[in-house]
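Notes follow the structure.
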Amino acid sequence: SQQGEEDPQALSIQEGENATMNCSYKTSINNLQWYRQNSGRGLVHLILIRSNEREKHSGRLRVTLDTSKKSSSLLITASRAADTASYFCATDLSGAGSYQLTFGKGTKLSVIP
Amino acid sequence: EAGVAQSPRYKIIEKRQSVAFWCNPISGHATLYWYQQILGQGPKLLIQFQNNGVVDDSQLPKDRFSAERLKGVDSTLKIQPAKLEDSAVYLCASSFQRNTEAFFGQGTRLTVV
């Protein structure tokens with residue numbers, strides 16, 4: 001079963017604008033990770049945020065985590081055409097016997113030049 | 001640092017035939033994952049190894065799928081017999097340990113006709 005669920009399913013913006021994607025999940029996690037997948041390519045890790053962290057930055061990426069709401073957001077600032085890709089959140093589950101790294105269905109981002 | 005290697009890149013087989021995929025993870029990575037990604041969907045975890053032991057195979061269709069990780073390094077995923085709905089990209093990933101970022105291979109695109 002897929003733990004995380006991204007929102008929106010698809011997003012289209014102009015180059016230079018900011019893009020925000022959200023992820024909701026259901027059970028307790030050790031960490032939450034965001035990945036990017038370009039058309040025809042493998043998944044690339046972007047950011048890992050642990051359950052005791054609230055915000056993390058990497059270049060133009062900003063990730064927030066709200067464990068009370070079981071949600072996370074990924075913000076891409078000053079978007080570029082090269083950011084066009086599908087973005088997935090993945091939850092690393094905690095709890096007795098749970099060791100899954102589980103992906104959501106993804107948000108398809110299109111950045112128009 | 002060499003990435004996760006997978007072979008073959010593409011495979012076309014007829015239904016009811018068997019197929020095997022091979023994965024060589026990043027050296028020193030204890031955790032190895034196999035995912036199935038159907039077009040337009042997020043990756044679905046099939047099986048997760050910690051060294052050469054299985055820690056999760058709850059979503060592996062065990063009547064037709066099998067996987068092993070010999071000596072805690074390379075891994076093979078086998079499908080026998082294949083069905084039309086097995087057409088997907090099979091992704092292998094590895095991570096240093098369970099709660100760290102995962103690195104993905106380029107995947108094997110399987111078409112069952």
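Any read-out appearing in this document is the output of simple, stated calculations on the displayed coordinates, not a laboratory observation. Please read all numbers here as calculations on a predicted model, not as lab measurements. Methodologically, a virtual Cβ is constructed for each residue, glycine included, from the backbone with ideal geometry; neighbour enumeration extends over all protein chains shown.
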(request) Give the stretch B:12-49 a look and list any residue that's among the charged types (D, E, K, R) and more than 14 Å from chain A (Cβ to nearest Cβ), or say none. (result) B:E14, B:K15, B:R16
(request) Kindly indicate whether any position in the stretch A:50-57 is small (G, A, S), assigned to a loop (DSSP other than H, G, I, E, B), within 11 Å of chain B (Cβ to nearest Cβ) and over 28 Å from B:Y10 (Cβ atoms). (result) yes
(request) Those residues that are touching a residue at least 60 places away in the same chain (Cβ under 8 Å), closer than 20 Å to A:G42 by Cβ and either in contact with a helix residue (DSSP H, G or I) (Cβ under 6 Å, 6 or more places away or on another chain) or not acidic (D, E) (or both), I need them from the stretch A:82-94; list them, please. (result) A:Y87, A:F88, A:C89, A:A90, A:T91
(message) From the list A:E15, A:E5, exactly one residue is in contact with a helix residue (DSSP H, G or I) (Cβ under 7 Å, 6 or more places away or on another chain) and either closer than 19 Å to A:V63 by Cβ or not hydrophobic (A, V, I, L, M, F, W, C) (or both). Which is it?
(response) A:E15
(message) For the stretch B:4-23, check the following and say yes or no: at least one residue is aromatic (F, W, Y), closer than 24 Å to A:R36 by Cα and touching an Asp or Glu at 6+ places or on another chain (Cβ under 9 Å).
(response) yes
(message) Among the numbered criteria (1) away from chain A (no Cβ under 11 Å); (2) over 15 Å from A:T102 (Cα atoms); (3) outside any loop (DSSP other than H, G, I, E, B), which one does B:V54 miss?
(response) (1)
(request) Check off (1) within 11 Å of chain B (Cβ to nearest Cβ); (2) in contact (Cβ under 8 Å) with a residue 12 or more places away in the chain for A:S72 and give me the number that stays unchecked. (result) (1)
